[in-house]
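Throughout, read-outs are computed from the coordinates displayed, never taken from laboratory work. As the structure is a prediction and not an experimental result, all values here were calculated from the model. Positions of Cβ are backbone-derived with ideal geometry, glycine not excepted, and every protein chain shown enters the neighbour counts.
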Amino acid sequence: MDLNLFGGWERLAAVLLKTGILYCYTILLIRLGGMRTTGKIATFDFVSIIIMGPIIATTILSSTVALVDGMAALTGFVALQWLVSFLATQNKRFARIVTSSPRVLFANGEFVTKNILAQRMHEDEIIAKIRAAGHASTDSVKAVILESTGDVSVIAATEPETPAREDEAVFGVLQT
C-alpha cells in the first residue's frame, strides 16, 4: 500500500507557489465582491473557511495528493494569514487594501446612492434596517452605516452625547 506521503521537492515548491497565488486571488475576489460577500464574517475568516476545509479533505481523500503537499499548502496558507494580519496592523495603507471600511448609506435625510450601489444594496434594505432599529421613519435617523463587519448601524437623529474631543468620530468612536 502506497500512502503517498511525499511527492518530491518540485511538487512541494509548486504547491507553495499555487497556495500563495490562490490566497491573494481569493482575497482580491472577496474584496471586489464587497462586504455583503462575507456578511458578518471578516474577510480573512471567510477565506480560512473556504480554503482550509477543501485542502484538508483533498489531502485525506485523494490518492494523488501527497500528505506533505497538503501540509505544505496548509502551512503556507496559515503563514500568509499571519503575514497579512501582521502587515495590516503595522501599515494603515496595507490595512485599507485588505480590509473593508465602513460606508455611510444614509445621512441627514438623504440616501447615499453611490455607496448603496457600490455595496449592491437597495434603499428598501436600508429602510428595513431602520425599522428593525425601532424607527418609524427616516426622520428620526441621523445616519445608517454599513460597518466593516457587515453589520448595519442606525444612528438616531438626537444623539445623547457630543464627542469630547475633535479627533473622535461624529458618532463618538475614537479614530485610532
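Couple of notes before you dig in:
- Modelled spin labels at Ile56 and Leu117, positioned 7 Å past Cα toward Cβ, are 4.3 nm from each other.
- As a ratio to 2.2 N^0.38 Å, the alpha-carbon radius of gyration for the stretch 103-156 is 0.98.
- Charge tally for Ala88 (other residues, Cβ to Cβ under 13 Å; Lys, Arg +1; Asp, Glu -1): +4.
- Residue exposure proxy: Lys92, Lys18, ordered by other Cβ atoms within 10 angstrom of their Cβ from fewest to most, comes out as Lys92, Lys18.
- Relative protection proxy for 58-64, 130-136, 68-74, from highest mean packing down: 68-74, 130-136, 58-64 (other beta-carbon atoms within 10 angstrom).
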